[in-house]
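**Student:** The structure that follows is given in the form of structure tokens.
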Amino acid sequence: MLKKISFALSLLVLAATAQAQSGIQSPDEFLTHKIGSQFTEHSQLVAYYRHVAANSDRVQLVEFGRTNQERPQILAIVSTPENLRRIEDIRLNNLRNAGLAAGQPDNSNPVAIVWLGFSVHGNEAAGSEASMPVLYELTNPANRETSEWLKNTVVLIEPSVNPDGYSRYTSWYRQASPAKPDPNPRAREHDEPWPGGRVNHYLFDLNRDWAWATQVESRNRLKVYNQWLPHVAADLHEQYYDSPYYFAPAAQPYHKYLTKWQADFQVEIGKNHAKYFDKNGWLYFTKEVFDLLYPSYGDTYPCFNGAIGMTYEQGGHSRAGRAIEMPNHDTLTLYDRVAHHKTTALSTVEISSKNAARLVQNFADFYKKSATNPPGPYKTYVVKAGNPPHKIQSFITLLGRHGISYGLAGKATPGLSGYDYSTGKEAKFSIAENDIIVSAYQPKGLFAQALLDPEAEVVDSLTYDITAWSLIHAQGLEGFATKQRVDHSGSYSMVSNAPPFVVTETPYAYAAPWNSMQSARFLADVLKNGVVVRYAEQAFTVEGKLWPAGTLVITQADNRKLEDFDEKVQAASTRLDHPITPVSTGFVDSGRDFGSDAMRLIEPPKVLVLSGEKTYNNEFGQVWFYFDKDVEYPATIVDAGDFPGIDLKDYNTLVLPEGRFSFDSATIDKLSDWISGGGRLIALGAANRGLADQKGFNLAKFAKDADKEKEKTEAEQIALDHRTALYKDRVRNSLMDNMPGAVVRVKMDKSHPLAFGLKDYFFSLKTNDLRYDLLKNAWNVGYLEEDYLSHGFIGSNLKKKLKNTAVFAVQGKGRGQVVYLVDNPLFRSFWEEGKLLFSNAVFLVN
């Protein structure tokens, strides 16, 4: 029986009944196996949730989206029948407490809202297995404890946060495992093949994607999550199998904007869990490893949105299988892992129910403070109207996914002072009436500050992930942050950049800007349709309009044999909302004419991408996603192990994603011959290690032997200085050369095609410790200056070593090119400016 819920965005309710119909089966009764004896296929998992929803008046089951592989994303809404009858009132009342729905909240009978997310990493499958007995205990009328908890609690259960990854792992395991589990760690069942079930279809880590929402699963989830805004959110994971269970409180660093209440209540939750673990004699640890800084986790995203967000980590993941012998000679079973997760999940519901009033009040206080007294120093963020429109659109689309409000300034405001994102310095600036304003004085203001601040204050450098991420830098925008409050007074709406064409005569050519990822999508589209395109190597003026270097020029002369040429170009412009300008002459006012060799032909890329075990799964996925989704341009993917047998004459572009490449002399010779014949090799991040110091490749760690000796001497001196170092400080001392992830300001050569569409600087998200001296006999298009600006944590030794090093370089080799991208511009696919740079490498560097 289907029942509709009037959410802000319509959601499909799969099953709900007003009255319980028949008895609910336990997972052991419903499934073909008992929980813990085998892994459950995703279809079986969904079937069990449907069964419970069809037979319980305590559950409404919602399908809130579909994955890339068309698996359902489901959410079980669990509470008493009385609460479910007024569930929309409960939801809206919670949003009123956050200031995100009209009307005054009624908190006379406070209801806690708890979110339980299981197995965001699909091969950490004990979470999804545990979700079934958790659902059963909450819906079983004979369970008096859970029945009492649900009187003032709504529990939202997402049983599989990553259905495609979970399916990849469980399907493989069921095929690979013997009838009886083999606890020997060397057994095949403990050695999951590449790419593993941790990641989604495109091999993205969904636990890093909450804030950036690049993946369809994340986008679907954000809609339903922000319709509820839970008070408590637990993200249930697994870690290496020999680790005891981890639960809250989290490790430092906490982001400085998180509240004392959020920190203190984590302790209360942890003590509640410890009560059960102590009783059972189960090992556990707290306050280590898993911090609350990076805003895009399944625990930090809820924190920045008012919840008590927590990660729980059970020892296990894909290495554990159904049973594995641990170093202490005990055997960890899937039964154990399920029992531990079931315990913390139910304990979370229990402690939330017992503190419902406090949770609701502190949730309301969080949002009230955010709207009236946001914690950070910057109160207003200004994005200048002169930014490329599609960059602005990308920026505000992401804000909208999170419910962060923005608008037009509406009037000019001169004489302000604030932080200039382009220089990293305080500066005077003025607001124009069409500038975009994001005020911190709004319900989501604290989260806006966390995303937009130029730098997060890192109170402890021993952190788990990247330490800088400002969306202003990621989107490549010119903007300012000011400590003054400026409210927007007008709404922003995207005006079409490609109005309907009224062309009375066939133009001599079309000119199109190259300044955003939408430009790359337009170019990819017309190239696929056989259109011949050029780009301007230098700026030019024609018919009174100045066009910068990188402008796309599409002439009738180049396309005289192409049927429906004008229709194809105009249709692509309309479909992608990308402007093109008809030009009636090739005789320019200044610069080079359209027939000049400075108008360079773009050879359509015939792309080959290496994949497989030699590549990092996330980073290969970023390249795959770029071609498959970002620009929808064909690329042939082959396993790197098969590369020696590949005939490269069918391709003109080879992409090496980050990975562990070790090329022998025969492969190096093969690459060199192909490049010299006109091939283009693009190496990202760690892939450059396979090319460094190789014959015919100019990438080298040291430009001269003296530099090598100098670093060796410095390393020896550091070793001497640490002779009396304390053993307990060994981890912190290692941070001197550490790079968890920081933003660096790269000096760019705008005259080179690799930098077209960019500024004379580029804020790069640096996530590795690679350093190479400026290349000889090559173009050092992007490099770090002596006094380079950085945001986030870089180890003190490494920060010095990075001075005057290459970040992006191009080496001409015969008729071809080698593009060295030492920093990976596609990292997690949220650095929009990086994707434009990669587009230059793919389409323009030739």
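The values are calculated or read from the model by the stated rules, or taken from the named source; none is laboratory data. Just so it is clear, the model here is predicted, and its values are computed rather than measured. Cβ atoms come from the backbone with ideal geometry, glycine included; neighbour counts cover every protein chain shown. Ligands, DNA and RNA are excluded from the accessible area calculation, which covers all protein heavy atoms including side chains. Shrake-Rupley method; radii C 1.70, N 1.55, O 1.52, S 1.80 Å.
**Student:** Listed here are the pairs Lys391/Lys545; Lys34/Lys342; Lys369/Lys444; Lys279/Lys342; Lys568/Lys649; Lys649/Lys835; which of them are more than 18 Å apart at the Cα?
**Tutor:** From the list (Lys391/Lys545; Lys34/Lys342; Lys369/Lys444; Lys279/Lys342; Lys568/Lys649; Lys649/Lys835), the Cα-Cα distance tops 18 Å for Lys391/Lys545; Lys568/Lys649; Lys649/Lys835.
**Student:** Ranked from highest to lowest mean number of other Cβ atoms within 10 Å per residue, what is the order of the peptides 781-788, 521-528?
**Tutor:** The densest-packed peptide leads the list: 521-528, 781-788.
**Student:** In terms of modelled amide H atoms, which long-range or inter-chain residues lie less than 5 Å from the amide H of Gly309?
**Tutor:** Distant-sequence amide H within range of Gly309: Ala233, Cys303.
**Student:** Let me ask you something else. Starting from the Cα-Cα distance between Asp673 and Asp191, subtract it from 0.36 nm times their residue separation and give me the gain in nm to one decimal.
**Tutor:** 169.7 nm
**Student:** For the range 586-601, what does the Karplus curve 6.51 cos²θ - 1.76 cosθ + 1.60, with θ = phi - 60°, yield as ³J(HN,Hα) per residue in whole Hz, taken in order and with x for Gly and Pro?
**Tutor:** x, 8, 7, 6, 8, x, 9, 5, 5, x, 6, 6, 6, 8, 7, 5
**Student:** Hey, what do the phi angles of the range 784-795 turn into as Karplus ³J(HN,Hα) couplings, whole Hz, using 6.51/-1.76/1.60 and θ = phi - 60°, x for Gly and Pro?
**Tutor:** 8, 7, 4, 10, 4, 8, 9, 10, x, 8, 10, x
**Student:** Let me ask something else. With unit charges on the beta carbon (Lys/Arg positive, Asp/Glu negative), name the residue among Ile668, Asn207, Ala549 whose Cα is farthest towards the positive pole of the charge dipole of the chain.
**Tutor:** About the Cα centre, the residue reaching furthest to the positive side is Asn207.
**Student:** Suppose we look only past 22 Å in the calculated P(r) of the range 348-455. What percent of the Cα-Cα pairs does that tail hold?
**Tutor:** The share of Cα pairs beyond 22 Å in the range 348-455 comes to 42 percent.
**Student:** Still on this structure: Run the helix sum for the chain: -39,500 (n - 2.57) per DSSP H stretch of 4+ residues, divided by residue count, reported at 222 nm to the nearest 500 deg cm²/dmol.
**Tutor:** The helix-only estimate for the chain comes to -9000 deg cm²/dmol at 222 nm.
**Student:** Ok, one more. Set the Förster distance to 45 Å, then compute FRET efficiency between Arg85 and Glu288 from the Cβ-Cβ distance, nearest 0.05.
**Tutor:** 0.55
**Student:** Moving on to the next point. Amide H neighbours of Phe763 under 5 Å, counting only residues 5+ apart in sequence or on other chains, H built in-plane at 1.01 Å?
**Tutor:** Distant-sequence amide H within range of Phe763: Val746.
**Student:** Sticking with this one: Hey, which aspartates and glutamates would be in cross-link range of Lys151, C-alpha to C-alpha under 17 Å, not counting anything within fewer than 8 residues on its own chain?
**Tutor:** Output for Lys151: Asp57, Glu82, Glu88, Asp89, Asp106, Glu137, Glu350.
**Student:** Further, regarding this structure: Rounded to whole Hz and in sequence order, give me ³J(HN,Hα) for the range 616-627 from the Karplus expression 6.51 cos²θ - 1.76 cosθ + 1.60, θ = phi - 60°, writing x for Gly and Pro.
**Tutor:** With the stated coefficients, the range 616-627 comes to 6, 4, 4, 6, 4, x, 5, 5, 4, 5, 4, 6 Hz.
**Student:** Still on this structure: How high is the FRET efficiency from Glu613 to Asp264, r the C-beta distance, R0 41 Å, rounded to 0.05?
**Tutor:** 0.35
**Student:** Separate question: What is the Rg over Rh value, at two decimals, for the range 152-199, using alpha-carbon atoms and the Kirkwood definition of Rh?
**Tutor:** Checking Rg against Rh, the ratio lands at 1.16.
**Student:** Compute the distance in nm between two label points, each set 7 Å from the Cα along the Cα-to-Cβ direction, one at Lys151 and one at Glu433.
**Tutor:** Taking the simple label geometry, Lys151 and Glu433 are separated by 6.0 nm.
**Student:** Which links in Lys750/Lys813; Lys670/Lys766; Lys428/Lys800; Lys695/Lys776 stretch past 23 Å when you go from one Cα to the other?
**Tutor:** Where the Cα-Cα span goes over 23 Å, the pairs concerned are Lys670/Lys766; Lys428/Lys800.
**Student:** While we're here: Search the structure for amide H atoms under 5 Å from the amide H of Val154, placed 1.01 Å from N in the peptide plane, and list their residues when 5 or more places away or on another chain.
**Tutor:** Result for Val154 returns Ala112, Ile113, Val114.
**Student:** Express in whole angstrom the spacing between the alpha-carbon centres of the range 502-577 and the range 756-787.
**Tutor:** Taking the Cα centre of the range 756-787 as reference, the centre of the range 502-577 is 30 Å away.
**Student:** Still on this structure, I have one more. Taking square-rooted eigenvalues a ≥ b ≥ c of the alpha carbon gyration tensor, is the range 165-316 rounded, prolate or oblate, where a/c under 1.5 means rounded and, failing that, a/b exceeding b/c means prolate?
**Tutor:** It is oblate, given that a/c is not under 1.5 and a/b is not larger than b/c.
**Student:** Once the dipole of the range 249-389 is set up with Lys and Arg at +1 and Asp and Glu at -1 on Cβ about the Cα centre, which of Gln252, Tyr294, Ser370 lies farthest towards its positive end?
**Tutor:** Ser370
**Student:** Suppose R0 equals 30 Å; then what is the FRET efficiency for Asn777 and Asp642 from their Cβ-Cβ distance, rounded to the nearest 0.05?
**Tutor:** Computed FRET efficiency for Asn777 and Asp642 comes out at 0.40.
**Student:** Accessible surface of Asp647 in the full protein assembly, 1.4 angstrom probe, to the nearest 10 Å²?
**Tutor:** So the heavy atoms of Asp647 present about 80 Å² to solvent.
**Student:** Give the ranking of Glu192, Glu313 by solvent-accessible surface, highest area first, calculated with a 1.4 Å probe.
**Tutor:** Glu192, Glu313
**Student:** Rank by packing, highest mean first: peptides 70-83, 295-308, 321-334, with packing defined as the count of other Cβ atoms within 10 Å averaged across residues.
**Tutor:** Ranked from most to least packed, the peptides come out as 295-308, 70-83, 321-334.
**Student:** If you don't mind, another one. Charges only on Cβ, +1 for Lys and Arg, -1 for Asp and Glu: so what's the dipole of the chain about the Cα centre, in debye to the nearest 20?
**Tutor:** 1020
**Student:** So, one more: At what distance in angstrom do the alpha carbon centres of the range 56-133 and the range 351-424 lie from each other?
**Tutor:** Using only Cα atoms, the two centres lie 26 Å from each other.
**Student:** At what distance in nm do the modelled label points of Ala274 and Lys368 sit from each other, each positioned 7 Å from its Cα along Cα→Cβ?
**Tutor:** 3.2
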